[in-house]
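Remarks on the structure that follows.
The values are calculated or read from the model by the stated rules, or taken from the named source; none is laboratory data. All of these numbers come straight from a predicted model, not from anything done at the bench. Cβ coordinates were reconstructed from backbone atoms using ideal geometry, including for glycine residues, and neighbour counts include every protein chain displayed.
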Ligand code: KIV
Ligand code: ZN
C-alpha cells in the first residue's frame, strides 16, 4: 500500500501541519517565501507528510501549496479541503504537482459541529460518501477527518468512519479538535475503531491533538499505543489557542523511550533545533524558555547540585544529549576580523546555506554588529539571520535619535524613508520606545493596533543584542516583525516598522503574500 507508507507495523508516520493548522493561529501568518523555506526544511528532516495549506482559503494559500508540491522531494504533499466539491477540486489543483499528492477532506461530526452546516445525521453521511468518493476519483491518497471526533457519539463515529473507508479514504484521522480528551480515552478510542469498524485494517489511523489541557503529546502517544500509525503535529506545537501536538516532543519521546514505546519515525532529530528557531522567527511566536526539547533552558543546568552531577556524568540529569536535537556548544566564534568564508562556514554549521547575494547582505550586517560587539556568539548570528534587515522593504528607518533621562517625557527624532521619500517627525512619549513608536505612527498615520511587544536578550552581558518581536493588527489582518540590535530602542523601532511593512504588503494586494483568507475552515462551505 504505497500511499500509506506503512509496511513496517512499528513505523509511525509523521504528518506535519505547521503550514496549515500552525499557520492558522492568529498572528502566525507566514509569507510565501517563508512557507517554501519551512516546507524544504521539513522535507529535509524526514517528515513523511507536509500539510502545506488550505488551497481554497486564498490565492496566497493556493500558490504556496502548489509551489511546495512542485518543489517536494521525499515528502507527501497534502492540502486541506472542506466537504464540498469546489474545495476538493481546488485542493487537487494545488497538490497534483507533487510526486506524492494527498487530499485531506473533513467535516465536523459532533452534535455541535453538525449544527453548523445544518445537516442531519443522514444528510451528513451522504455528504461524506459523495465528497470522499470525489476526492478518491482525483487522487489515490485521501485522508478523511471527522472534526471534533472526540465529542462525537461513538455509534455515529463508527458509522461515518466506515462510510469514509468504503468511499475510498486511505487514512482516517481522529481529531481531538478542542483538546478535550485524556490519554486513556485517546488509546481506547483508536483501539475501538480499529477493532469494530469494518475495513479498518485496510487504512491507517491518525491522531490529531490540540493542547488545551496540556495533554496533546500524551494523547498522541497513547493513540499510537491504541493502534494509530500517523501522528499529526507542528513544530514548537504552533497552533490555535494552546496549539497542536509538538513534533519535537513526540519524535524525541519515541527516540528516548524506545524501551517502552517500540515505534520509530524517519525524522532526523539533529535538524530539530534549526527548524524550531526558523518557525519561531517567521511565525513571530517565540518559544517559551522552559518548553520541552526546544526551549532555551531545556538543556541548561543552573542549580549547583545539577552542575556538580553534570560535571561528573552528563547522564545524571540529562536523558538526551543536546547534539541529538542539533544543539551545538556555544563558543565565541567570530569577531570583527572574521572574513566572508569563515562567516559562510559558520552559518552553514548553524543550518543556513546561503547563496552569494544573501551572504553579501548578511556579511555587511555582521561587520556592523562586530564593530559594536566584540564577541559574536552563535545566538548573535541566528538573531542576525532572523532579522532580515531592510532588504525589499518599502518603509525604512533612516535616522533615529531618542533623548532619554530622568525627566519624562522622552523625545524621538525620526527620519523614515517611505518608497524612497524621506519624512521626519519629532515626537514625545512615555519612555524611549513609546516615543519612537509614536514618531513612526505620526509619519505613517496608520491605524494598526499593537498586540504584542516582546524583548529578549540574545546572549549575556550588557553589550548583548536585544531581539524584539512586535505583532500588529489592522482590520483583522495580523502581522509580526522581528529585529535585533545592541540598541534595544532601535531594535524595537525596526521590528515595529517591519510589522508595518508586512501590513502594507498585504494591503497592496500585490503578489501571493497579499491576499487574506476569505473562508473559514470551520464552515462546510
Ligand atoms: O483540529 C481539527 O479538527 C483540524 C481538522 C481540520 C483536521 O485541524
Ligand atoms: Zn487541528
| query | Restricting attention to segment 220-242, and to residues there that are within 19 Å of residue 8 (Cα to Cα) and not in a helix (DSSP H, G or I), which single residue is nearest to ligand 1 (Cβ to nearest atom)? | reply | 232
| remark: Within segment 451-469, the residues that are touching a residue at least 40 places away in the same chain (Cβ under 8 Å) and touching a helix residue (DSSP H, G or I) at 6+ places or on another chain (Cβ under 8 Å) are 458, 459, 463, 465, 467, 469
| query | With segment 429-502 as the region, which strands (runs of 3 or more DSSP E) entirely inside it contain at least 2 residues that are in the same structural domain as residue 417 (by TED's automatic domain parsing), modelled with pLDDT of 90 or more and surrounded by fewer than 24 Cβ atoms within 10 Å (Cβ to Cβ)? | reply | 449-457
| request: Take segment 228-242 and flag every residue that is more than 10 Å from the chain's Cα centre (by Cα) and either free of Cβ contacts under 8 Å to residues at least 40 places away in the same chain or on the phi > 0 side of the Ramachandran plot (or both). | output: 241
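Sort through 150, 105 and tell me the only one that's over 16 Å from residue 84 (Cα atoms) and surrounded by 17 or more Cβ atoms within 10 Å (Cβ to Cβ).
150
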| Going by the structure shown, is residue 94 buried (at least 24 other Cβ atoms within 10 Å of the Cβ), more than 16 Å from ligand 1 (Cβ to nearest atom) and in the same structural domain as residue 13 (by TED's automatic domain parsing)? | yes
| message | Of all residues being more than 16 Å from ligand 1 (Cβ to nearest atom) and more than 15 Å from residue 164 (Cα to Cα) in segment 186-219, which is surrounded by the fewest Cβ atoms within 10 Å (Cβ to Cβ)? Just the residue, please. | response | 214
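From the residues in segment 197-227 that are at positive phi and touching a helix residue (DSSP H, G or I) at 6+ places or on another chain (Cβ under 7 Å), which one is nearest to ligand 2 (Cβ to nearest atom)? Before you say what the answer is, go through the steps one by one.
Quick first cut of segment 197-227, residues at positive phi only: 199, 214, 227.
From what is left, the residues that are touching a helix residue (DSSP H, G or I) at 6+ places or on another chain (Cβ under 7 Å) are 199, 227.
On the way: 199: 25, 227: 21 Å.
Looking at the filtered set, the residue picked out is 227.
So, residue 64, is that one in contact with a strand residue (DSSP E or B) (Cβ under 6 Å, 6 or more places away or on another chain), farther than 28 Å from residue 124 by Cα and surrounded by 24 or more Cβ atoms within 10 Å (Cβ to Cβ) or not?
Numbers: in contact with a strand residue (DSSP E or B) (Cβ under 6 Å, 6 or more places away or on another chain): yes; farther than 28 Å from residue 124 by Cα: yes; surrounded by 24 or more Cβ atoms within 10 Å (Cβ to Cβ): yes.
The answer is yes for residue 64.
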| Counted residues, segment 228-275 - those being more than 16 Å from ligand 2 (Cβ to nearest atom), surrounded by 23 or more Cβ atoms within 10 Å (Cβ to Cβ) and closer than 19 Å to residue 482 by Cβ | 2
